[in-house]
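Single-structure report; data block below.
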Amino acid sequence: MDKETLQQFEAQCFQEEPPACQTSCPLHLDARALAACLSAGKAAEARKILDRHMPLSGLSAYLCEGPCQAGCRRQELDRGLDLPLLERYCLSRTRAARFMAMPPTGRKIALLGAGLSSLALAWELARKGHQVRIFHQGPPGGRLRALPEDRLPEKALSEALEGLGKLKAALAETLYSPEKFKEIQADYPIVFLGGDDPELRPDLIGLRRADIQPDPTTLLLAGGRLLARPPLEDGGHRYIDDLAAARRAAGSIERLLQGVPPDSARAGEEVYATRLQVNLEGVAVKEPAPPADPRRPTEAEAAAEAGRCLQCQCLECVKNCVYLRHYQGYPKKTAREAYGLISTAFGIHTANTMVLSCAECGQCREICPNGADLGRIIGLLRQQMVETGHMPVSAHEFALEDMLFSNSIAFFRHQPGRTRSRWLFFPGCQLPASLPRAAARLYEHLSGHLDGGLGLMAACCGAPARWSGRPRLTEESAAFIGRAWAEAGRPTVITACPSCTLFFQDRLPDMPLKSLWTVLAELPLPEGAVTGPPLALHDPCSARMDQATRKSARDLMAKLGQPFSEPPLGGRLTRCCGYGGLASAANPGLADDFARDRSADTEAPLAAYCVMCRDRLRAVGHPTLHLLDLLFPEKSPAEALKRPGPGISDRQENRRAFRLNALKEFWAEEPEEDQAMDVTMHIPEELAELLEKRRILRSDLAGVLKAARAEGPQFVNRETGRHLACLRPRQVTFWVEYSPRADGSFDIHDAYGHRMLVPGVPGEGADSAASREGFDPMGGRR
């Protein structure tokens with residue numbers, strides 16, 4: 001993934017956009033941060049914010065009219081935050097920071113008029129080391145001196161003038177005249193006209209009012225070295241606009257002095273509408289409590305008003321995404337960090353885990369008002385890791401080996417007695433792995449009701465290859481399915497797994513698809529179908545964009561007479577169970593948190609129509625059943641809700657059993673029995689759980705024991721009599737500690753695996769299930 005792609009994505013995420021109060025302020029005061037400080041009792045920190053954003057803050061904060069109040073999102077609930085009150089409180093309890101002027105630059109600037117815009121501009125320029133002189137007629141401060149004490153304390157103006165003196169900004173009283181104006185222009189390369197000084201009438205300096213129409217962006221007049229505050233409109237004067245004019249003029253002057261076009265890079269200086277989205281749903285009304293003395297609010301009154309601030313942020317995706325909360329980011333920040341880590345920190349475990357833990361479920365895209373899809377970026381980063389050889393071998397190997405194992409026992413058959421099929425049932429790899437008997441009964445039910453013949457193809461669609469960031473393996477997997485489908489006569493494919501549907505839509509767009517749940521909703525209910533207690537229906541993330549399948553699942557529940565409810569965040573906003581994106585392979589603990597997050601949404605037992613969702617939700621303790629548990633029950637609904645999902649060994653053995661039984665039952669074939677498990681083992685329950693976490697299959701143990709039975713163990717513990725043997729059937733060496741029984745079976749005491757190459761280990765270089773199918777699980781053909 002290149003940097004341009006990252007930047008395009010960053011532009012989609014609005015979280016770092018300023019809040020509406022800030023963009024509606026001509027000075028872009030960070031009112032959100034100011035309120036946060038004051039609500040926490042940190043007045044000194046709040047004063048730093050005022051000093052940073054407001055020129056002559058000790059003066060200007062008294063004069064601020066609070067235009068941010070109109071933009072405050074709380075205005076939609078009760079009343080906008082009273083920022084002028086908070087600013088006055090801040091001034092009453094703190095002093096401005098000392099500003100040291102930069103070294104003298106020797107650049108001379110003249111300011112005409114001593115109103116607020118000229119005083120503020122003098123502060124902006126003098127602290128940067130420029131030689132500033134304010135020419136004024138009448139007392140400095142102009143109309144400010146007419147303000148009452150409760151609006152502007154006289155001390156505030158005198159301290160502001162004293163501060164300008166310390167920055168070596170000179171005041172020069174003069175009489176305005178055209179001659180004096182020409183003299184000033186001759187002596188000073190840059191001149192600013194402070195239009196907010198009532199003494200500075202255009203006619204006094206030889207200009208007509210029509211001549212003072214500055215450029216709205218730069219405040220420059222014709223000629224390029226004369227700037228002016230825009231003329232005051234009748235009744236339209238605001239002190240905040242004087243301050244903004246000073247800030248804008250300072251920016252233009254700096255550009256002129258540096259030889260930069262004065263209109264360059266000015267975007268965002270004006271008042272504008274923010275793109276930041278804020279959800280007000282559920283926010284309580286909180287009316288302000290007027291202070292006893294508005295001129296001097298107490299600390300408690302200021303904290304109470306500041307506490308009304310909503311601290312506006314978007315973060316809607318973060319509120320609903322376990323992954324983003326865990327890594328304390330939002331899409332733009334997380335994508336930026338992940339890109340930086342992958343670009344500079346290949347091989348660092350924390351960097352790899354961060355990129356590999358996203359479920360790529362698409363929820364952030366659907367929640368985001370601008371459709372920012374972090375999962376797409378994560379997918380590109382995974383591809384980059386694979387292409388550059390930096391994808392950790394252990395991250396997805398088991399999932400890919402499991403996918404390729406499914407395809408190593410894949411099969412296709414037309415419906416018995418037929419040579420063509422109008423339909424092809426594709427149960428995927430996980431339905432037969434979890435519910436093999438229900439999958440067989442399902443095929444029998446479908447074949448008895450669909451005209452034109454129903455073929456059966458048992459295989460893995462290839463989604464794990466895509467999730468692992470391996471485009472070549474993804475295309476090879478899709479091509480494998482595509483060839484089988486073409487050889488079957490291009491029938492309409494009935495998909496049981498929403499992930500298969502999504503994968504085929506993306507990789508095999510010519511393949512006609514129909515969801516199993518749509519088909520079942522159209523057919524008569526199976527004999528023996530049952531209903532259970534009221535359930536909440538969970539939508540899998542892979543059906544997020546598949547409204548037809550979601551509707552069909554609900555139609556089927558209604559047809560069955562099964563009472564059900566909708567949990568929070570269903571449909572397009574549904575939560576992921578943690579299986580998507582192979583998150584459960586890379587970060588099992590976090591993936592479990594995904595499932596727990598969904599579980600916490602409802603106390604009702606759940607129903608799922610994705611078998612991996614069902615098994616993962618049940619694994620974190622939530623009573624969950626699959627819709628097939630109601631349609632083709634093997635147990636009562638109450639028992640099905642508590643049924644544990646199969647482990648990794650059971651899943652592979654169930655797939656084998658589904659293949660063997662289907663070929664025997666429906667096609668009267670006698671396939672060759674698999675010899676992988678002709679070893680009897682006794683494994684304690686605790687060890688079985690540990691092997692599950694280590695992703696060691698019973699067939700892996702059996703392989704080691706068969707090799708040891710043929711060649712003898714590598715080690716024998718003379719004290720315990722236990723044997724230790726190893727085998728390297730693929731890229732992992734498995735070690736098994738065991739004791740043989742007299743009947744030829746084995747007690748298993750421990751087992752583990754590693755990737756180190758140990759000289760003399762049996763099976764060195766042996767093909768894996770992946771290589772037997774011609775695939776390298778790490779991305780290419782061997």
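The table below gives the values:
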| quantity | calculated |
| --- | --- |
| Helix axis angle, 393-408 relative to the chain longest principal axis, alpha carbon, degrees | 40 degrees |
| Most to least accessible of ASP203, ASP451 (protein chains only, probe 1.4 Å) | ASP451, ASP203 |
| DSSP bridge pairs, the chain: antiparallel proportion in percent, nearest 5 | 35 percent |
| ALA558 versus MET100: modelled label distance in nm, points set 7 Å from Cα along the beta carbon direction | 7.5 nm |
| Low-density loop cleavage sites - GluC sites (Glu not before Pro) in the stretch 121-171, where at most 15 other Cβ are within 10 Å (DSSP) | GLU149 |
| Per residue value of the accessible surface for the stretch 1-111 (all protein chains in place, 1.4 Å probe), Å² | 43 Å² |
| Integer Hz, Karplus 6.51/-1.76/1.60 couplings in order for the stretch 110-125, x for Gly and Pro | 10, 10, 9, x, 10, x, 4, 5, 5, 5, 5, 5, 4, 5, 4, 7 |
| The stretch 316-391, accessible area per residue, ligands and nucleic acids excluded (1.4 Å, Å²) | 38 Å² |
| Folded to 0 to 90 degrees: helix 436-449 orientation relative to the chain principal axis, Cα | 90 degrees |
| Largest-first ordering by accessible area, 1.4 Å probe, given options ASP539, ASP743 | ASP743, ASP539 |
| Nearby lysines by direct alpha-carbon distance to LYS182 (threshold 20 angstrom, same-chain neighbours under 8 apart not counted) | LYS108 |
| Loop GluC sites (Glu not before Pro), the stretch 174-251, which have at most 16 other Cβ atoms in a 10 Å radius of their Cβ (DSSP) | GLU233 |
| For the stretch 85-91, 3J(HN,Hα) per residue [Karplus equation, 6.51 cos²θ - 1.76 cosθ + 1.60, θ = phi - 60°, Hz, x = Gly/Pro] | 4, 5, 5, 5, 4, 4, 5 |
| Simple Cβ-charge dipole of the chain, Lys/Arg +1 and Asp/Glu -1, about Cα centre, in debye nearest 20 | 1000 debye |
| Heavy atoms of THR419 accessible to a 1.4 Å probe, total area in Å² rounded to 10 | 120 Å² |
| PHE192 long-range amide H proximity, modeled H, under 5 Å | ALA110, LEU111, LEU112, LEU227 |
| Amide H within-cut-off set for ARG107, under 5 Å, with H built and near neighbours excluded | GLN131 |
| Helix 685-694 vs. the chain, principal-axis angle (Cα, 0 to 90°, nearest 10) | 60 degrees |
| Residues ARG596 and ARG755, FRET efficiency given R0 of 35 Å [Cβ-Cβ distance, rounded to 0.05] | 0.65 |
| FRET efficiency, GLU281 to GLU45 (Cβ-Cβ, R0 35 Å, nearest 0.05) | 0.65 |
| Under 28 Å from the Cα of LYS286 - lysines, other chains or at least 8 residues apart | LYS42, LYS48, LYS319 |
| Accessible surface of ARG694 - all protein chains present, 1.4 Å probe, nearest 10 Å² | 100 Å² |
| Residue among PHE426, SER447, LEU29 farthest towards the positive dipole end of the chain, charges placed on Cβ | LEU29 |
| Contour excess over end-to-end distance, with Cα ends at HIS449 and GLU685 and 0.36 nm allotted per residue | 80.6 nm |
| Solvent accessible area, Å² - ARG618, 1.4 Å probe, full protein context | 50 Å² |
| Accessible surface of the chain [probe 1.4 Å, protein heavy atoms]: carbon and sulfur percent | 50 percent |
| Solvent-accessible heavy-atom area per residue, rounded to whole Å², over the stretch 421-479 at 1.4 Å | 26 Å² |
| Straight-distance crosslink candidates among lysines, where the alpha carbon sits under 29 Å from LYS514 and sequence neighbours closer than 8 are dropped | LYS551, LYS559, LYS635, LYS664 |
| Inter-part distance where the stretch 414-484 and the stretch 712-739 are each reduced to a Cα centre, Å | 39 Å |
| Virtual paramagnetic centre 7 Å along Cα→Cβ of THR388, amide N under 15 Å, in the stretch 1-34 | 1-6 |
| Residue-span extension gain [GLU692 to GLU337] - 0.36 nm each, minus C-alpha spacing | 124.6 nm |
| The stretch 316-391, dipole about Cα centre (Lys/Arg Cβ +1, Asp/Glu Cβ -1), debye to the nearest 20 | 160 debye |
| Accessible area in the full protein assembly, largest first, 1.4 Å probe, for VAL758, VAL679 | VAL758, VAL679 |
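The values are calculated or read from the model by the stated rules, or taken from the named source; none is laboratory data. These figures come from a predicted structure and were not determined experimentally. All Cβ positions, glycine included, derive from the backbone under ideal geometry; neighbour counts span all protein chains shown. Please note that ligands, DNA and RNA were not included when accessible areas were found on the heavy atoms of the full protein model with its side chains. Shrake-Rupley method; radii C 1.70, N 1.55, O 1.52, S 1.80 Å.
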